[in-house]
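Comments concern the structure below.
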Amino acid sequence: GLECLQTQVDAGGRPCGAELLLRWLHPVRGSVSPAQFIPLAESTGLILELGHWVLAQGCRMLVTLAQAGHDLPLSINISPRQLREADFVEQVRRVLAETGAPADRLVFEVTEGHLVENVETMLARMRELSALGIRFSIDDFGTGYSSLAYLNRMPLYELKIDRSFVQGLPDDLHARGIVETVLSIARNFSLHVVAEGVETQAQADYLRHSGCPSLQGYLYARPVPLPDWLAQQG
Ligand code: MN
């Protein structure tokens, strides 16, 4: 496994956060994308071990970032299977204690499709984690089946606009409608927004003009290992 950071930038193009992403270097197939190996890991249960490892790595990265003077929030993708584990909160507490990572710099990205199962348990768990200082982001907002009513009940910090919608900008009317709607929901619920998969200046211009506070994508930065990331900040 090779863990990478992808910078998120604010309206002025300054780094305002980063997401921890995995690249897996297979001896024969080369670089294998998470889209290929995460579903396999999910189906085999290996995701729990992988998820725990990623969380611990993320916490260590946060400590390194802080030591290097980068006081940025770090977003970590949390698998629905992890969130469903009975002792997940305890696991997180333990990793925070072991690494000394600042919980208020951690953002847990969860996919909305899975939050609708066992809603009450999920809500309780999310509230416990947010009491520790951890913030929550809905990763693929708009692609799943979540009810707007949940937005009120979840301790949410952020919505992520899925890359499939960003790809259609600025010309596709359907993509524009969804992006404007997500931004409007975020304003009304006082939530932060990150648009992911921003690859062209035209997409970035459209998003900025529409008031999207944070952007992530190849236009700004590719995912790179932490030492490279630190070197790039100069
Ligand atoms: Mn993500």
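Just so you know, all these numbers are worked out from the coordinates, no wet-lab data involved. Quick caveat: nothing in here was measured; it's all calculated off a predicted structure. Glycine gets a Cβ as well: all are built from the backbone with ideal geometry, and neighbour counts include every protein chain shown.
Of note:
- Note on the stretch 189-215: among residues that are in contact with a Lys or Arg (Cβ under 8 Å, 6 or more places away or on another chain) and closer than 20 Å to Leu21 by Cβ, the one that is nearest to the ligand (Cβ to nearest atom) is Glu196.
- Selection within the stretch 151-164: residues that are in a loop (DSSP other than H, G, I, E, B) and among the hydrophobic types (A, V, I, L, M, F, W, C). The member of this set that is farthest from the ligand (Cβ to nearest atom) is Met154.
- For the stretch 132-155, the criterion of being in contact with a His (Cβ under 8 Å, 6 or more places away or on another chain) and among the aliphatic types (A, V, I, L, M) is met by no residue.
- Residues of the stretch 165-187 include at least one that is within 14 Å of the ligand (Cβ to nearest atom) and either under 19 Å from the mean Cα position of the chain (by Cα) or surrounded by 16 or more Cβ atoms within 10 Å (Cβ to Cβ) (or both).
- Considering Pro223, Pro227, the condition of being in contact with a Cys (Cβ under 9 Å, 6 or more places away or on another chain) and on the phi < 0 side of the Ramachandran plot is satisfied by Pro223 alone.
- Taken over the stretch 177-221, the criterion of being without any contact (Cβ under 8 Å) to a residue 24 or more places away in the chain and within 15 Å of Asp140 (Cα to Cα) is satisfied by no residue.
- Pairs, first without any contact (Cβ under 8 Å) to a residue 40 or more places away in the chain and assigned to a strand (DSSP E or B) in the stretch 127-139, second within 12 Å of the ligand (Cβ to nearest atom) and of a type in the set (Ser, Thr, Tyr), C-beta under 9 Å, six or more apart: Ile138/Thr111
- Tally, over the stretch 140-150, of residues that are within 15 Å of the ligand (Cβ to nearest atom) and part of a loop (DSSP other than H, G, I, E, B): 3
- Test: Leu230 is over 19 Å from Glu109 (Cα atoms) and either out of contact with any helix residue (DSSP H, G or I) (no Cβ under 6 Å at 6 or more places or on another chain) or part of a helix (DSSP H, G or I) (or both): yes
- Residue count, the stretch 209-224 (criterion: touching a strand residue (DSSP E or B) at 6+ places or on another chain (Cβ under 8 Å) and crowded, with 17+ Cβ neighbours inside 10 Å): 9
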